[in-house]
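Colleague: Dropping the structure in here first, questions after.
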Amino acid sequence: MTGWDARGVRARIREMAAGDPGLERFGADTHRYGLGPPVPEAEIRAFEESHGIGLPREYRSFVAEVGDGPAGPCHGVLPLAVPRPEAGEEWAVDGEWQEDRLPGRLALPFPLTAPLPGRIRGPQAALTRGTLTLAERGCGIFLRLVLNGPRRGEVWQIDPDWGGFVPVSTGFRSWYTAWLESP
């Protein structure tokens, strides 16, 4: 299944916002339960063509049918093709977002075939090629969508200081839905 119940997702986000008027839930003060408009098909295709990739269906259909972030897990889902409005406030995630969009980076093969737990020594850029930053958890921890290879479509978390680079979800849908279903 790739399609989303966009009305249902938006209704659940409104419900979550109504239950959290003080924005106490983790990340709510960043994404504020806002959901941008869906990305037009022509813009998604242009993004894919310019980067030489095809986005995994669950994520692609989300941005096409539901919205282009930010309401979502952690500090919110990053936008696909246009920097978040707050970019420039020197958040580390903005640097990750920009690096992902360097020519050819997203089309590179994802280098891992198995989780890499523990402290990561050395540059992270070699590990994250072929992935798209989805969100920031904070403290330099990022959630990334694998775009290429046998792990395509999985969501991985990179925590270079403690947790390594490990899968956290089998796909975008299960990752995002878990957030929607959380209390």
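The values are calculated or read from the model by the stated rules, or taken from the named source; none is laboratory data. Computed from a prediction, not measured in an experiment: that's the story for all the values here. As a convention, Cβ positions derive from the backbone with ideal geometry for all residues, glycine included, and neighbour counts pool all protein chains shown. Heads up: the accessible areas ignore ligands, DNA and RNA and are worked out on the full protein's heavy atoms, side chains in. Shrake-Rupley method; radii C 1.70, N 1.55, O 1.52, S 1.80 Å.
Colleague: Looking at region 49-101, which of its residues are farther than 18 Å from VAL155 by Cα and open to solvent by less than 10 Å² (accessible area, probe 1.4 Å)?
Modeller: VAL66, GLY67
Colleague: Which pairs turn up if I take residues in region 6-33 that are touching a residue at least 12 places away in the same chain (Cβ under 8 Å) and look for partners that are open to solvent by 40 Å² or more (accessible area, probe 1.4 Å) and in a helix (DSSP H, G or I) with beta carbon separation below 7 Å, at least 6 apart in sequence or on another chain?
Modeller: From residues that are touching a residue at least 12 places away in the same chain (Cβ under 8 Å), the pairs are ALA6/GLU65.
Colleague: Just one of PRO167, PRO79 is under 14 Å from the mean Cα position of the chain (by Cα) and either at pLDDT below 95 or closer than 28 Å to GLU43 by Cα (or both); which is it?
Modeller: None of the other options fit; the residue is PRO79.
Colleague: Which of the residues spanning region 154-164 are within 12 Å of the chain's Cα centre (by Cα) and open to solvent by 10 Å² or more (accessible area, probe 1.4 Å)?
Modeller: Scanning region 154-164 gives GLU154, GLN157.
Colleague: Of the residues that make up region 130-148, is at least one closer than 17 Å to VAL168 by Cβ, in contact with a His (Cβ under 9 Å, 6 or more places away or on another chain) and open to solvent by 30 Å² or more (accessible area, probe 1.4 Å)?
Modeller: Yes: region 130-148 contains one or more residues that are closer than 17 Å to VAL168 by Cβ, in contact with a His (Cβ under 9 Å, 6 or more places away or on another chain) and open to solvent by 30 Å² or more (accessible area, probe 1.4 Å).
Colleague: Still on this model: Inside region 96-123, can you point out the residues that are farther than 23 Å from ARG84 by Cα and either within 17 Å of the chain's Cα centre (by Cα) or in contact (Cβ under 8 Å) with a residue 60 or more places away in the chain (or both)?
Modeller: PHE110
Colleague: For the subset of region 1-21 comprising residues that are open to solvent by less than 50 Å² (accessible area, probe 1.4 Å) and of a type in the set (Gly, Ala, Ser), which member is nearest to GLU65 (Cα to Cα)?
Modeller: Top of the filtered list is ALA6.
Colleague: If I filter region 89-118 down to residues being part of a loop (DSSP other than H, G, I, E, B) and modelled with pLDDT under 95, which single residue comes out as farthest from GLY76 (Cα to Cα)?
Modeller: THR113
Colleague: Could you check region 127-170 and list, in sequence order, the residues that are more than 20 Å from ALA81 (Cβ to Cβ) and of a type in the set (Ser, Thr, Tyr)?
Modeller: Of everything in region 127-170, those that are more than 20 Å from ALA81 (Cβ to Cβ) and of a type in the set (Ser, Thr, Tyr) turn out to be SER169, THR170.
Colleague: Let me ask you something else. Which of the residues spanning region 102-129 are open to solvent by 40 Å² or more (accessible area, probe 1.4 Å) and in contact with a Pro (Cβ under 9 Å, 6 or more places away or on another chain)?
Modeller: THR113, PRO115, ARG119, ARG121, GLN124, ALA126, ARG129
Colleague: Name the residue, out of GLY164, GLY122, GLY118, GLY138, that is small (Gly, Ala, Ser) and closer than 29 Å to ALA6 by Cα.
Modeller: Selected residue: GLY138, the only one of GLY164, GLY122, GLY118, GLY138 that is small (Gly, Ala, Ser) and closer than 29 Å to ALA6 by Cα.
Colleague: If I go through region 24-48 residue by residue, how many of them are of a type in the set (A, V, I, L, M, F, W, C) and open to solvent by 40 Å² or more (accessible area, probe 1.4 Å)?
Modeller: Of the residues in region 24-48, 4 are of a type in the set (A, V, I, L, M, F, W, C) and open to solvent by 40 Å² or more (accessible area, probe 1.4 Å).
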